[in-house]
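Contents: one structure, followed by commentary.
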Amino acid sequence: MNGTPQYAPVVAHPYALTGTEYDPGRAAGSVAGGDASYGRVVVPGEVDVSHGAILYLEGVTVSFDGFRALNDLNLSVDDGELRCIIGPNGAGKTTMMDVITGKTRPDAGTVYFGQTIDLTRLNEVAIAHAGIGRKFQKPTVFENLTVFENLELALKADKRARASLLAKLDGEQRDRIDAVLATIKLADAAHGPAGRLSHGQKQWLEIGMLLAQEPRVLLLDEPVAGMTDQETAETAELFLSLKGKHTLIVVEQDMDFINTIAGTVTVLHEGHVLAEGDMATVQNDPRVVEVYLGR
């Protein structure tokens, strides 16, 4: 698959408002403006969260050589929520993120971004452009560039060679970078090489690079792995500050960290949801204790 977004008409999610019509000339999977039920107009390119949820996975199944990594997975995440995903190794956490970001195609099931954007019809580039960003466990920053330059490269812009060579930051873009630097607490390190940052600071920089792209949803894979206690505490503060402005889905093994940030916790086991609720609920669930917490 090449890097060109492949868009296709979509059928609205079963929860979607009706009365809309697809326009293939618009953004990925969006629907053209039309009077929706309840008098609402769906705006082209808009992520429709009129029912509260921004991400739906329904009946998602993924098999690899006969092994079911995901087994009829059903998951719904609300707009602006900070959702924590936990579970033993092999529970399907990484495969779930791969499906959401288009890296893996499900054998069955549906995956919707808002009410109308069918993620199974889009490639990875189109999904990123639609507003879903992903951070992997190991930070991948450009160590020979400054912190500021890393964020500059991450901005939404024309990435073709000629455009990149001739591009100059405007005032709005500089303000955007300054705001991200303040959010990730790296303003003092802005003009130093990223390679000099601590491990935790590199994690924050990569999160900042995602924020520079203005995503609606951030998928964060074990973001505090390898951090000091102080860096972990500051990361918790960062995530709580982003809650509501963005939707965060955090996959993590550090239960103390999860306990600090968690609202709703989803426990995966053998490719499906084993339990879900607040931290106290899942910690006291005997099934969770048996397959995960008791180990």
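Brief remarks on what is shown
- From the list Gln253, Gln230, Gln283, the lone residue that is under 22 Å from Ser198 (Cα atoms), of a type outside the set (Asp, Glu) and over 19 Å from the mean Cα position of the chain (by Cα) is Gln230.
- Residue within the stretch 249-265 that is closer than 30 Å to Val47 by Cα, polar (S, T, N, Q) and crowded, with 22+ Cβ neighbours inside 10 Å present: no
Table: residues versus (1) surrounded by fewer than 19 Cβ atoms within 10 Å (Cβ to Cβ); (2) closer than 12 Å to Pro139 by Cα; (3) modelled with pLDDT under 95; (4) among the polar types (S, T, N, Q).
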{"position": "Glu206", "(1), (2), (3), (4)": "no, yes, no, no"}
{"position": "Leu211", "(1), (2), (3), (4)": "no, no, no, no"}
{"position": "Glu214", "(1), (2), (3), (4)": "yes, no, yes, no"}
{"position": "Ala225", "(1), (2), (3), (4)": "yes, yes, yes, no"}
{"position": "Gln230", "(1), (2), (3), (4)": "yes, no, no, yes"}
{"position": "Ser241", "(1), (2), (3), (4)": "yes, no, no, yes"}
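- Consider the stretch 137-193 and keep the residues that are β-branched (Val, Ile, Thr) and not in a helix (DSSP H, G or I). The one that is modelled with the lowest pLDDT is Thr140.
- The stretch 38-55, subset assigned to a strand (DSSP E or B) and surrounded by fewer than 22 Cβ atoms within 10 Å (Cβ to Cβ), residue modelled with the highest pLDDT: Ala53
- The C-beta contact set for the stretch 129-144 (first residue of a type outside the set (Val, Ile, Thr), second residue at pLDDT below 85 and surrounded by 21 or more Cβ atoms within 10 Å (Cβ to Cβ), distance under 8 angstrom, 6+ apart or interchain) comprises His129/Ala28; Ala130/Ala28; Ala130/Gly29.
- Of all positions in the stretch 25-37, at least one carries a residue that is modelled with pLDDT under 95, in a helix (DSSP H, G or I) and either crowded, with 16+ Cβ neighbours inside 10 Å or among the polar types (S, T, N, Q) (or both).
- Scanning the stretch 267-295 for residues that are in contact with a Ser or Thr (Cβ under 9 Å, 6 or more places away or on another chain) and of a type in the set (D, E, K, R) returns Glu276, Asp278.
- Residues of the stretch 92-125 satisfying the condition of being part of a strand (DSSP E or B) and either in contact with a Phe, Trp or Tyr (Cβ under 8 Å, 6 or more places away or on another chain) or not hydrophobic (A, V, I, L, M, F, W, C) (or both): Gly109, Thr110, Val111, Tyr112, Asp118
- Scanning the stretch 239-295 for residues that are in a strand (DSSP E or B), out of contact with any Gly (no Cβ under 9 Å at 6 or more places or on another chain) and either β-branched (Val, Ile, Thr) or at positive phi (or both) returns Ile249, Val250, Val273, Gly277.
- Of the residues examined, Glu222 is one that is closer than 27 Å to Phe67 by Cα and charged (D, E, K, R).
- The lone criterion from (1) modelled with pLDDT under 95; (2) closer than 15 Å to Thr120 by Cα; (3) surrounded by 21 or more Cβ atoms within 10 Å (Cβ to Cβ) left unmet by Pro9 is number (3).
- Taking the listed residues Arg174, Arg216, the one that is free of Cβ contacts under 8 Å to residues at least 24 places away in the same chain and of a type outside the set (Asp, Glu) is Arg174, with no other qualifying.
The values are calculated or read from the model by the stated rules, or taken from the named source; none is laboratory data. Every value quoted in this text rests on a predicted model; they were computed, and no experiment measured them. Note that each Cβ is placed from the backbone with ideal geometry, even for glycine, and that neighbours are counted across all protein chains shown.
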